[in-house]
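The values are calculated or read from the model by the stated rules, or taken from the named source; none is laboratory data. None of these values were measured; they are calculated from a predicted model. Neighbour counts are summed over all protein chains in view; Cβ atoms, including those assigned to glycine, are modelled from backbone coordinates with ideal geometry.
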Amino acid sequence: MSVTRVILPKLGLTMDEGRLIAWHKKEGERVEKGEVLFEVETDKANLEIEASTSGIVRRILLPVDASAPVATVIALIADTADEPLPSGSESVAPAGMPAASPLARNDSPAPSSRENPSAARARPSLGETPPSPAGASLSSSDGSSDRVRSSPAARKRALELGVDISAVRGTGPGGRVGLEDVEAAASSGPTSSASPPSGALGEKREPLSRMRRAVGEAMTMSVREAPQFSISRDVDMTAANAKRKAAGVSYTDVILAAAATALRDHPRLRSRFDGDAVVVSEKIDVGIAVALDAGLIVPVLRDADRKSLAALREEREALETAVRSGRARADAFGGAAITVSNLGTFGVDRFTAIVNPPEASILAVGRVADRVIAANGAPAVRPVVSLTLTVDHRVADGADAARFLADVATHLES
């Protein structure tokens, strides 16, 4: 018999904490491996996290709407309903284990005592900080004199906005100050003695959402660290238009398929820069940029080169629906070899996109519009699209990019 500690997983490079927004199981209920166990809000989206083991949910340690640092133990799953639990399992405590998986196994739990639950909460386990009388804090300040209970992300945000965090009213467990509290304080007025920056009459200061902040950080890192160049090509979409109509799919789907197929012969374009090496991906997973009110998000189509047009359309539509409704699964993100960003649906003729790190390239798609082109030595009106490929120059050169874009065009025009 064994007990599994469920931890809050790290679901992105910039994620240091998450807010739990729903439990799909209650204490005492059975969960099967692969079932959705809980949902967590990150700087990207609301993600559904599956259980990687089967058993009985014995303890839920993090309540809904509470936040915690990544790798925090948030629940316990046991093989049986009466199995002894580890001591100190009545309150949330950081896990001393890697955050690579939502569930980490503990095959030798310490026997629990038959003590009063309130007494168990009052007596911390070895190495655990005793909770305050107002309630257990999920994280505390970093040694400052005011001892404000707050998350690292909240303290960082307070510095960015010029907010005195000691004057912010926390709404989390035990009065803990979270990101939302800091941003609410910033929007309601100054909380420090320092003079706030003055703005023009009629201006309104809107704190960045988690997603907007994540997009800003990723794009700043991309421009700062990756030397990028772009090349463009106009493509006759006559053949692609006939193919998409026959398959009942969109222009986006045929372009996704063409890019994925072309990547097979261009390992440089499905690589990423990693310090002193270039790491080549053998899988051809393609990201699709989706615009939300809160920012930009990139779910990933897995093994896109192996799927039919109909299968690509079905998976793309399901991903877009999931991210727009905030119900995407954790495995919907990350690991793409390239991102396709289509602004043609907004009437944009052509644009240049910024590489989405750690990927090495991004394909910007304009609108498909009728243009007069030379066809067989004579002018003809054809549907044409402008494709612009932006590439990390540390990974590939201009000739590599040109050959890849030529292959994409060939797949679309043939």
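Please pick out the residue among Leu47, Leu61, Leu37 that is within 30 Å of Leu292 (Cβ to Cβ), at pLDDT 90 or above, of a type outside the set (S, T, N, Q) and outside the structural domain of Val298 (by TED's automatic domain parsing).
Leu37
Just wondering, is there one or more residues in the range 321-340 that are surrounded by fewer than 18 Cβ atoms within 10 Å (Cβ to Cβ) and at pLDDT 95 or above?
No, there is no match, as no residue in the range 321-340 is surrounded by fewer than 18 Cβ atoms within 10 Å (Cβ to Cβ) and at pLDDT 95 or above.
Do we have any residue at all in the range 368-386 that's free of Cβ contacts under 8 Å to residues at least 12 places away in the same chain and in contact with an Asp or Glu (Cβ under 7 Å, 6 or more places away or on another chain)?
Yes, the range 368-386 contains at least one residue that is free of Cβ contacts under 8 Å to residues at least 12 places away in the same chain and in contact with an Asp or Glu (Cβ under 7 Å, 6 or more places away or on another chain).
If you check every pair at least six apart or on different chains, which have Cβ atoms under 6 Å apart with a residue in the range 240-260 that is in contact (Cβ under 8 Å) with a residue 24 or more places away in the chain and under 19 Å from Glu320 (Cα atoms) first and a residue that is assigned to a helix (DSSP H, G or I) and acidic (Asp, Glu) second?
Short answer, once both residue conditions are applied: Ala260/Asp305.
Out of the range 220-237, which residues are buried (at least 16 other Cβ atoms within 10 Å of the Cβ) and either within 27 Å of the chain's Cα centre (by Cα) or assigned to a helix (DSSP H, G or I) (or both)?
Once the filter is applied, which keeps residues that are buried (at least 16 other Cβ atoms within 10 Å of the Cβ) and either within 27 Å of the chain's Cα centre (by Cα) or assigned to a helix (DSSP H, G or I) (or both), the range 220-237 yields Ser222, Ala226, Gln228, Ser230.
Name the residue, out of Val348, Val300, that is in contact with a strand residue (DSSP E or B) (Cβ under 8 Å, 6 or more places away or on another chain) and more than 17 Å from Glu41 (Cα to Cα).
Val300
Say whether the condition of being basic (Lys, Arg) and either touching a Cys at 6+ places or on another chain (Cβ under 9 Å) or under 26 Å from Pro299 (Cα atoms) (or both) is met by at least one residue in the range 384-394.
yes
How many residues are loosely packed, with under 14 Cβ neighbours inside 10 Å, of a type in the set (Gly, Ala, Ser) and in a helix (DSSP H, G or I) if we restrict to the range 240-284?
Total satisfying the criteria: 2.
Before we move on, is Gly366 surrounded by 15 or more Cβ atoms within 10 Å (Cβ to Cβ) and under 24 Å from Val391 (Cβ atoms)?
So Gly366 fits the description; yes.
Scanning for something in a helix (DSSP H, G or I), of a type in the set (A, V, I, L, M, F, W, C) and more than 22 Å from Leu387 (Cα to Cα), does the range 331-345 turn up at least one residue?
So far as the range 331-345 goes, yes, one or more of its residues are in a helix (DSSP H, G or I), of a type in the set (A, V, I, L, M, F, W, C) and more than 22 Å from Leu387 (Cα to Cα).
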